[in-house]
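To keep things clear, I will list the structure first and then write my remarks on it.
The values are calculated or read from the model by the stated rules, or taken from the named source; none is laboratory data. Note that the coordinates shown come from a computational prediction; the quantities given were computed from them, not determined experimentally. All Cβ positions, glycine included, derive from the backbone under ideal geometry; neighbour counts span all protein chains shown.
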Amino acid sequence: MDVILEMRNITKKFPGIVANKKVNIKVFKGEIHGLLGENGAGKTTLMNILFGIYKQDDGEIIYKGEKVEFRSPKDAIKAGIGMVHQHFNLVETLTVWQNVVLGRGEFILKDEKKKLLDVINKYGIKINLDARISTLSVGEKQRVEILKALYRDVELLILDEPTAILTPQETRTLFESLRKMVKSGLTVIFITHKLKEALDVTDRITILRNGEVVRVVETAKTNEVELAKMMVGKEVVLKPIKRQKKKGKKVLKIENVTALNDEGVEALKSINLVVNSGEILGLAGVSGNGQKELEEVIVGVRRIEKGKIYLDDIDISRMSIKDRIKSGLSCIPEDRLGSGVASKLSVVENLMLRDFENYGKFNLDFEKMRKKAKELVEEFDVKTPSLDIPVSMLSGGNLQRLILARELSRNPKALIASQPTRGLDIAGIEYVRKKIVDTANSGTAVILISEDLDEIFHMADRIAVIYEGQIKGVFDKDVVTKENVGILMAGGSL
Amino acid sequence: MIEFIVSLLQASIRAGTPLLYATLGEMITEKSGILNLGVEGLMIMGAMSGFALSFITGNPWIGILAGGFAGLILAFIHGFFSITLKVDQTVSGLMLVLLGLGLSGLIGKSYIGMVANYIDPIAIPLLSSLPILGKILFTQDLLVYSSLLITVFIWFILHKTSFGLSIIAAGENPEAADTAGINVDLVRYICLLVGGFLIGVGGAYLSLAYAKLWTEGMTAGRGWICLALVIFSGWIPQRAVIGAYLFGGLDVLSFKLQAIGFTVPYQLLKMIPYIATILVLLLSLIKDKYRLKAPSALGKPYFRGER
Amino acid sequence: MRIERREEISKIVLYSLPFLSILASLIFVGILLWFVGVNPIEAYYIMLIRTFGSKLGLSELFVKSTPLILTGLAVAIPMRAGLWNIGAEGQLYMGAFIASFVALNFASPFAIPIMFVLAAIFGAAWAFIPAILKAKFELNEIISTLLLNYVAIYWVEYLVYGPMRGKNVYNFPYSDLFPECATLPRFFDTRLHLGVIIAFLIVFIMYLTFRKTSFGFSVNVVGANPRAAEYAGIDRKKIIVYTMLIGGAIAGIAGMEEISGIHHRLRAAISPGYGYAGIPISLLAKGNILAIILSAMLFGFLYVGGSALQTTYSIPIAVVYIFQSLVVLFIIGGEFFVRYRVVR
């Protein structure tokens, strides 16, 4: 088989870490090549180098038999390489076709729709060319990204964790399109950390760990256990979670809550949820279906249009945020850097973000605050060189530990944990899950918002599914299957 | 009474034209994602340079060009800081205001009280003899007419050309533009410099066609009003025309009222445009609370690969 | 060409940056002076000698620095919460207006303290308008604070041309002179007045407030990340309003001190851009409250030296603006090259 791409001895350093260490990778024409590794293994960095977003410190790239150096994505696109990022690069105010022709086309815009329709029909991509991006679902947006690449006549298409935001059903559709593409001569690089998907869709797999290539395998000749071992470096079995099942009293009650999103459109439509003490309620759903707004409405940073929220039978829906915190509400926000910490401030200051007023009004006791911070850092094993460095210097995992330390040490009555393990490595994920479960075991009512169905099935006692701002059903974990939850997440009914 | 209204409207357009140039200039700058708070500084430099060059060469059109280039040079400084170095756009914009006021004060000192050649109105044959409308619309100078053409031209660029799409993409989502192969920095530089030129022309219009003299600090906050007008017009060029003429009207109202023997003190009338600007801003915010049309990446520096 | 963050930041370069920037600006302004036909070395010599060469010059340094310290604070305090108060100029005029009103109509031994309090209240009230509009409607405070400057300035102009014009001022746009009980005491036969000491006192109080109190802590959080502050239960809107009120009050006091300590009457052009100078002063001090004294003294020197240039070469005081903007631009540019490097 022809080699379309070879990357040799690629090394890339960032301040403090080596993202890629002498990485070698070979991709054959017409295959789906998997790039498998944990978060932070260096998969995306490697592909960003290929795509001209970063420049490697060392090593060379051979593409179609020639040594190449892409200074920007523009060069890569010209050479026939397309990349669909984890975050979409779409202009929300423009339409689908405008986004596709962006950066191309004659000076005076012509109707390019005919060429687009050909592409659409060839690969069976379902999309309305005249729709504004802001009105599309995540799955549709991904299709626009793929369409963009195909319109540019790519020969090599890179997909960075494309399934992270898709429902099981949408994932299947995507895989079908990918197979059609390689059949007509395209080559696909598929970045993922999900073993099953790598096995499902790829022809060969390169496994990365800590920035280095572990091995290259043919998909047909490997299995899940072997891949997991190579990916993590040791045998991992997710530790089963110990839950103490007690039927507690109703702690958090959400009644007919309606709220608007930033655009003024109803994002929550008459939501009803009850969480008992000592219970974890998992909220499953594809992102953008109202999860963010629900978190904000409970915390109090978003206004409630209609409905009430009760914490221990006290109506908190009109309370100030401060009073809600005082009545025992804690939150691990989805946007860690944006809402969880003030990244310019120090570790101590961030740990004291909620409780500093307890250390004096006109004469803050900094000594006492430091002492408490030191205890918390030790208890939650936050790895930091000093208490006084800005938290922007901490890694994602340590940042999350810091937030856990602050939120869980207050023995909250109710906890909202939103995407608590996103972007963490396996050790970090296990730690966060354990701490949340411990908190529930000690009697806290927990709402776990997660896009990761496995996580929800792993941790929750009951599962609620949110779709377009409505709760499509609440089930005991033991009586519902992942498949059924997936159908509800996609807007179907059982 | 009709005569008063006709002369008020005619003067409103004249007074609104410098605002229109500067508002359009700031609008295309902002469309590409760059916030140039230095409008006031660019305008005053345009006014001073325009006057000086007209005085030296005797040709007011050279003055207008000079005003444009003065604005362009200051815009370039802003570009160096905000696009090349990617530092805080607020700071460098604010400093341009001080720089423009200082430089124009220092260099323009010798031109205070001088007389230069000015831009004269041209009555368009036939059209100008129309009743009422003829006097209001068709007895203006060339720069008034060209400002309307430029408005149409900007609309055309933004909505009918691929470069327009690139501008919108750079202002809404520079990363998307970048990965689509658009040179974001270049697009932003072009918009900033063209915008700076227009703002400078607006300033030159002020000294060479509207006030017909140069005094220190003569822009008197018009640059800031234009920043507000960009918001008021919702980043839509045709609406800038309405906004600019409206505020031009408020500007001349005090003179016109005094001329017909109205006795409200001059200084109190002079406050009106500033208060009106705040009120108008407030109204557009309340009305469009959920449809903020500002480019999403406005004022945010774009670093490739730093998310 | 790419831009990368440096792994190691040279502390020495970082700390010497303000001084290098001042030097670079001096050179730049020197070139400009030479351009308009003034020998820059001679000009700088005159600036130095007129400031540091006599008791009068030195006292003037403190006199000019006083309003600058206050307007620097008026900008710096809201800036700590992430807000731009470009309206110190107008707040200063409102303080001056109400102080004059008290001085001219209610002469009494208590006039001075009443003038201080009311000037602070009026300055704060003038800042309250943009603050509440920001808190309630997210109205851009840069534009609103700035526009209100013009309103305040025209208001004072209206007063001195109209209702408050004095009886014995030969048609000048002045109010009458204040009675003695409404003027700040002066020292050493110079224009040094009590307000100088009060300005330093205010700096100290603000320093303690932001170093020691839980209010100061919450302002820092809001400034660092308003959304995280909200999540932590800190009322961002309250902080917006409070910091702007404090800033406005201090600017109002600056206005009172200028007329009660220097002019002894209300007149049109009280301030040669002191309010605007507060912006570079605060930026130069990097939000450090004590450092505001230093950067205000630097700018005070520029104003004293600038007026020496004005009398000697009739160079407009606007040249000070050039210097102010250049210093800040050099600093932000220099800081960039300290923190990043350009890689080809």
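Quick notes
- Number of residues in the stretch B:133-170 that are within 14 Å of chain A (Cβ to nearest Cβ), hydroxyl-bearing (Ser, Thr, Tyr) and part of a helix (DSSP H, G or I): the value is 2.
- Filtering C:ASN149, C:ASN225 for residues that are within 14 Å of another protein chain (Cβ to nearest Cβ), within 30 Å of A:GLY338 (Cα to Cα) and polar (S, T, N, Q) leaves a single hit, C:ASN225.
- Across the stretch C:173-194, a minimum of one residue is classified as within 25 Å of B:LEU269 (Cα to Cα), within 14 Å of chain B (Cβ to nearest Cβ) and surrounded by 13 or more Cβ atoms within 10 Å (Cβ to Cβ).
- Pairs where the first residue, in the stretch C:323-340, is more than 7 Å from every other protein chain (Cβ to nearest Cβ) and the second is surrounded by fewer than 18 Cβ atoms within 10 Å (Cβ to Cβ) and part of a strand (DSSP E or B), C-beta under 9 Å, 6+ apart: C:ARG339/C:ARG5; C:TYR340/C:ILE3; C:TYR340/C:GLU4; C:TYR340/C:ARG5
- Residue in the stretch B:82-100 that is facing chain C (nearest Cβ under 9 Å), within 25 Å of C:MET79 (Cα to Cα) and charged (D, E, K, R) present: yes
Each row is one residue, and each column tells you yes or no for (1) modelled with pLDDT under 90; (2) within 14 Å of another protein chain (Cβ to nearest Cβ); (3) crowded, with 19+ Cβ neighbours inside 10 Å.
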site: C:PHE19; (1), (2), (3): yes, no, no
site: C:TYR44; (1), (2), (3): yes, no, no
site: C:THR51; (1), (2), (3): yes, no, yes
site: C:LEU58; (1), (2), (3): yes, no, no
site: C:LEU70; (1), (2), (3): no, no, yes
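- Here A:LYS361, A:LYS368, A:LYS374, A:LYS383 are screened, and the one residue that is closer than 30 Å to A:ASP312 by Cα and basic (Lys, Arg) is A:LYS361.
- Helices (runs of 4 or more DSSP H) completely within the stretch A:114-230 that count 1 or more residues being surrounded by fewer than 16 Cβ atoms within 10 Å (Cβ to Cβ): A:168-183, A:195-201
- For the stretch C:236-344, the helices (runs of 4 or more DSSP H) that sit wholly inside it and include 2 or more residues that are of a type in the set (D, E, K, R) are C:236-257, C:319-339.
- Members of the stretch A:74-85 found to be assigned to a loop (DSSP other than H, G, I, E, B) and either within 10 Å of chain B (Cβ to nearest Cβ) or of a type in the set (Val, Ile, Thr) (or both), listed by number: A:HIS85
- Single residue of the stretch A:328-338 satisfying the filter (outside any strand (DSSP E or B) and in contact (Cβ under 8 Å) with a residue 24 or more places away in the chain) that is nearest to the other protein chains (Cβ to nearest Cβ): A:PRO333
- Test: residue in the stretch A:51-73 that is closer than 30 Å to A:ASN128 by Cβ, out of contact with any His (no Cβ under 7 Å at 6 or more places or on another chain) and outside any loop (DSSP other than H, G, I, E, B): yes
- Some residue of the stretch A:63-75 being small (Gly, Ala, Ser) and either crowded, with 22+ Cβ neighbours inside 10 Å or modelled with pLDDT of 90 or more (or both): no
- Qualifying residue in the stretch A:291-302 (condition: surrounded by fewer than 19 Cβ atoms within 10 Å (Cβ to Cβ) and either modelled with pLDDT of 90 or more or touching a Phe, Trp or Tyr at 6+ places or on another chain (Cβ under 8 Å) (or both)): yes
- Selection status of C:ALA76, touching a residue at least 24 places away in the same chain (Cβ under 8 Å) and either more than 11 Å from C:GLY247 (Cβ to Cβ) or basic (Lys, Arg) (or both): no
- Restricting attention to the stretch B:171-192 and to residues that are of a type in the set (D, E, K, R) and at the interface with chain A (Cβ under 10 Å from one of its Cβ atoms), the residue that is nearest to the chain's Cα centre (by Cα) turns out to be B:GLU172.
- Matching residues in the stretch A:371-385 - criterion: being at pLDDT 85 or above and of a type in the set (Ser, Thr, Tyr): none
- Flag set for A:ALA41, criterion: touching a strand residue (DSSP E or B) at 6+ places or on another chain (Cβ under 6 Å) and part of a loop (DSSP other than H, G, I, E, B).
- For the stretch A:340-386, the set of residues classified as more than 7 Å from every other protein chain (Cβ to nearest Cβ), part of a loop (DSSP other than H, G, I, E, B) and of a type in the set (Phe, Trp, Tyr) consists of A:PHE380 only.
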